[in-house]
Structure formats: structure tokens, C-alpha cells
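Some notes on the structure that comes next.
Readers should treat all values here as calculations from the given coordinates under stated rules, not as data from a laboratory. No experiment lies behind these values; they were computed from the predicted model shown. Note: ideal-geometry Cβ built from the backbone for every residue, glycine included; neighbour counts use all protein chains shown.
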Amino acid sequence: MRTIPILGVTLSGDGQPLGTVTRLTLTFQERTDHTGLMVSFTRGPGKLSRKAQTSVQQAIYRAALAADLSTDTWTVMISVPDRVTIYGDSLSAMVCITVVALAKRDPIKKDIIITGGIAPDGRISKAGSLSQKLAAAHAAHIRHVLVPDEFDPTETDWQTPFLMQVSPVDSVQQAYQMLTGNRMKQE
């Protein structure tokens, strides 16, 4: 079992977007059968929206494909220990890279996080509200944030907080190497 941080956005008391760092509990197991990827989303106290669940499942398949790994024996269980509902797909890159790292037995570095999804071609997809997410990461003492190389055109300008490194990443392979220090697949 591993607890992983994810970046998100909630609304403040006055209805303004506010970045947040929350945590997911992720359990990874390899089974002896080959019946396919099994992903379960445990409810309580928090939960993932249907869109977030779908994006996580798709991202796991896409990241495994990019790593030349089969998901046929994988069971992944995800729960949200905080009383929040997580919407959107920008958590899926962090979740799927963690799943692949667990399958490969590669540790994720401390104080680093990614926001974004995984596109069908393995690229890191756009994530919105970067300024709010970076502020939340800074407040949570996360020192390195990976962001999609391609920015959301509706996104306003954002600044890197003091003593934080923000690195644009293009692909799931590049993000994996930055999060683990290892290559995603053997060449």
C-alpha cells in the first residue's frame, strides 16, 4: 500500500478556485491469473468521480503500454482518505506512473509530484488551474512539480513559487524518469 499526493482545485468560501494537495491510498497486487486489469475504487470517506475513475483506468493502460508491460495480472485499489470528491483527469498521470513504478519495483522520489492526464499517444495532457495547484504544492512543501509541456490556452500566467522547481514534461516516459530516476522501459 502506498499513499500518494495529488494536486487538485476546490472552491474557497467565496467561490474562488483554490489549489489543494490531497492524498490517495493506492494498493497494487499481482495475481496469478491472467484475467485482465482490475481497478477498484473504494468509497469512504472520500471518492473519485466517474470521470476521474475512467481517466485513471485509461491512464494505467496507456502507461503500461508505454512501458511494454502487461496489465493482465494487476489489481489496483484506490481510496480517498479525505472527505473530498475528486473530479477531472489531472490526477491520472500521478496515479498511473505510481502503478507502473510499483509493478517495476521502482520507488517514487520524495517531494515531487505531477499534474496532468495521459493522452492515447502517451503524451502528458493539459491540466488546468496551474497557478492554484503550484501554490498548494508550495504550501505543502513539495519542492518539484511536473506540469504538461502543452499548456491549457485558458490558463492564466503562473509564476514559480520561491524555492520550487517546475518542469514541463512531454511524455509519460519522461515523467516516469523524473519521478523515479529510472527509465520506464528497457531499450
**Study point:** the chain: most fluctuating residue of Arg123, Arg83, Arg62 per GNM, C-alpha cutoff 10 Å
**Key:** Arg83
Check your understanding: If you take the Cα atoms of the chain, find Rg, then find the Kirkwood Rh from the mean of 1/r over all pairs, what is Rg/Rh?
Key -> 0.95
Check your understanding: Relative to the longest principal Cα axis of the chain, at what angle does helix 50-66 sit, 0 to 90 degrees, rounded to 10?
Key -> 60
Exercise for review: Evaluate the charge dipole of region 2-180 about its Cα centre and quote only its size in Debye, nearest 20, assuming +1 on the Cβ of each Lys and Arg and -1 on the Cβ of each Asp and Glu.
Suggested key: 600
Practice item. Excluding Val145 itself, calculate the net charge of residues whose Cβ lies under 12 Å from the Cβ of Val145, where each Lys or Arg counts +1 and each Asp or Glu counts -1. Key: +1
Practice item. Counting other beta carbons within 10 Å of each Cβ, put Glu150, Glu30 in order, fewest first. Key: Glu30, Glu150
Point to revise | Long-range amide H partners of Ser167 with built H, under 5 Å | key: Val145, Leu146, Val147
Revision key, fill the gap. Links exceeding 25 Å between C-alpha atoms in this model, out of Lys51/Lys110; Lys51/Lys104; Lys104/Lys133; Lys51/Lys185; Lys133/Lys185; Lys51/Lys126, come to Lys51/Lys110; Lys51/Lys104; Lys104/Lys133; Lys51/Lys185; Lys133/Lys185
Check your understanding: Amide H to amide H under 5 Å from Leu24: which residues, 5+ apart in sequence or cross-chain, H placed 1.01 Å off N in plane?
Key -> Ile4, Ile6
Study note, to complete from the structure: Ranking Leu11, Ile124, Ser167 by how far each Cα lies towards the positive end of the charge dipole of the chain (+1 on Lys and Arg Cβ, -1 on Asp and Glu Cβ), the top one is Leu11
**Study point:** Under-5 Å amide H pairs with Lys47, H placed in peptide plane, nonlocal only
**Key:** Val84, Thr85, Ile86
Check your understanding: What angle, in degrees between 0 and 90 and rounded to the nearest 10, separates the Cα long axis of helix 92-104 from the longest principal axis of the Cα atoms of the chain?
Key -> 40
Check your understanding: Quick one: Karplus J couplings for region 14-31, per residue in order, coefficients 6.51, -1.76, 1.60, θ = phi - 60°, nearest Hz, x for Gly and Pro?
Key -> 9, x, 8, x, 9, x, 8, 10, 10, 10, 10, 9, 10, 10, 10, 9, 9, 9
Check your understanding: What is the dipole size for region 104-151, taken about its Cα centre, with +1 at each Lys and Arg Cβ and -1 at each Asp and Glu Cβ, in debye to the nearest 20?
Key -> 220
